[in-house]
Amino acid sequence: MGFKVFLNGKFVEKDEAKISIFDHGVLYGDGVFEGIRSYGRKVFRLDEHLDRLYKGAEVIRLQVPVSKDGLKKNILKTLDINGLEDGYIRVVVTRGSGDLGLDPRKCAEATVFIIADKIVLYPEEFYKNGLPIVTSKIRRNHPLSISPEVKSLNYLNNIMGKIDAIDAGTNEALMLSVDGYVAECTGDNIFAVRGNIIKTPPFEVGALDGITKKAVMELSEKRGFEVVSAMMKPEELYSADECFLTGTAAEIIPVVKIDDKVIGDGVPGEKTKTLIRDFKELTKNEGVSY
Ligand code: PMP
């Protein structure tokens, strides 16, 4: 089934959406992106996603050739013209077309596109029974190499982590920082639950400052859980009562095993299940309509 995407100011059929092979997004992964979800024709935390996109662009000194408001309108329109009730939106801003050197000054104008589609990240059984993950041997990018403020188009670090997960016969991998602290998974933030405390690594360790993570921290506080953002060693995860991952595409998914260590009782924990229910309710009730 054909659908329309937004590309550089115009709506075009998916199969007609073409960018240059000289685009530095293609040649170097030079650019930023966002993954956003809509629920019941309402986009969840759209302004936060746009803020992160524009902030990341600013950090890499990429001029987005459209205003935040203009992009927002076109995101809503892309969802609407494709008739999506519940959708997954990918917004990409690349450096644009240049020459074969790295110099970003040679790229006259950024490329901007928006795709609205559906996404299923993990099979449903894992939401019900919990996900086993493994620890990747690949360490997360050091924050001094690429700031975790930037959701960069260069995802090779994460993809190498994902390959480790696939090689081990699992769907997701835990990534540690260069000095051995828990950072995040390849496409999700990670949380450990112990008693009433819900702990997640700070973004300074090299983890993306997730928008779902923030929503889950708010929901946890509302439930009276104590939310802590702090460094943790993998051992803290192994001995946690519960563990779960958060991300726009993944939403909230329980983790029941890391390598050969069973987490808690080896089934999704009560606090995780409560937060999954609360998150579902939240996404139903808030968002920007189209
Ligand atoms: N970490 C990484 C590496 C990600 O790519 C993502 C987004 N898929 C997340 C964490 C979660 O962020 P968010 O909740 O904003 O989607």
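The values are calculated or read from the model by the stated rules, or taken from the named source; none is laboratory data. Since this is a predicted model, take the numbers as computed values, not measurements. Positions of Cβ are backbone-derived with ideal geometry, glycine not excepted, and every protein chain shown enters the neighbour counts. SASA here: full protein model, heavy atoms, side chains in, ligands and nucleic acids out. Shrake-Rupley method; radii C 1.70, N 1.55, O 1.52, S 1.80 Å.
One table, with the values for the structure above:
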quantity	calculated
Whole-Å distance, taken between Cα centres, linking segment 24-40 and segment 111-133	16 Å
GNM flexibility winner over the chain from G195, G40, G25 (Cα, springs under 10 Å)	G195
With DNA, RNA and ligands ignored, accessible area of K233 (1.4 Å probe; Å², nearest 10)	80 Å²
Summed side-chain charge close to P143 - residues other than P143 whose Cβ falls under 14 Å, Lys, Arg +1, Asp, Glu -1	-2
Listed residues D30, D15, D47, most fluctuating in the chain (Gaussian network, C-alpha, under 10 Å)	D15
Among beta bridges that DSSP assigns inside segment 142-244, antiparallel share in %, nearest 5	70 percent
Largest to smallest principal axis extent of the C-alpha atoms in segment 124-285, angstrom	37, 31, 27
Around E281: net Lys/Arg minus Asp/Glu count, Cβ-Cβ under 14 Å	+3
Charged-residue dipole, Cβ positions (Lys, Arg, Asp, Glu), segment 1-89 about Cα centre, Debye nearest 20	200 debye
Listed residue pairs exceeding 25 Å between alpha carbons, taken from K55/K214; K118/K233; K14/K280	K118/K233; K14/K280
In segment 1-36, trypsin sites (Lys or Arg not before Pro) in a DSSP loop with at most 16 other beta-carbon atoms within 10 Å	K18
Residue-level accessible surface for E226, protein heavy atoms, 1.4 Å, Å²	100 Å²
Cut-off 9 Å between beta-carbons: net charge of the residues surrounding A183, Lys and Arg +1, Asp and Glu -1	+1
Contact order normalised by residue count of the chain, Cα under 8 Å, 6+ apart, percent	20 percent
Heavy atoms of H142: accessible area, 1.4 Å probe, square angstrom to 10	80 Å²
For the chain, built as a Gaussian network whose Cα springs stay under 10 Å, the top-fluctuating residue of T111, T170, T78	T170
Share of Cα-Cα pairs in the chain lying beyond 26 Å, as whole percent	46 percent
Estimated 222 nm signal from helices in the chain, with DSSP H stretches of n ≥ 4 weighted -39500 (n - 2.57), rounded to 500	-8500 deg cm²/dmol
Accessible area in square angstrom per residue, segment 185-290, 1.4 angstrom probe	42 Å²
Rounded percent of accessible protein surface that carbon and sulfur make up, segment 4-117, 1.4 Å probe	52 percent
Calculated on alpha-carbon atoms, Rg and Dmax of segment 50-92 in Å	11.9, 35
All-pairs alpha carbon distance profile, segment 4-117, 10 Å steps from 0, percent	15, 46, 31, 7, 0
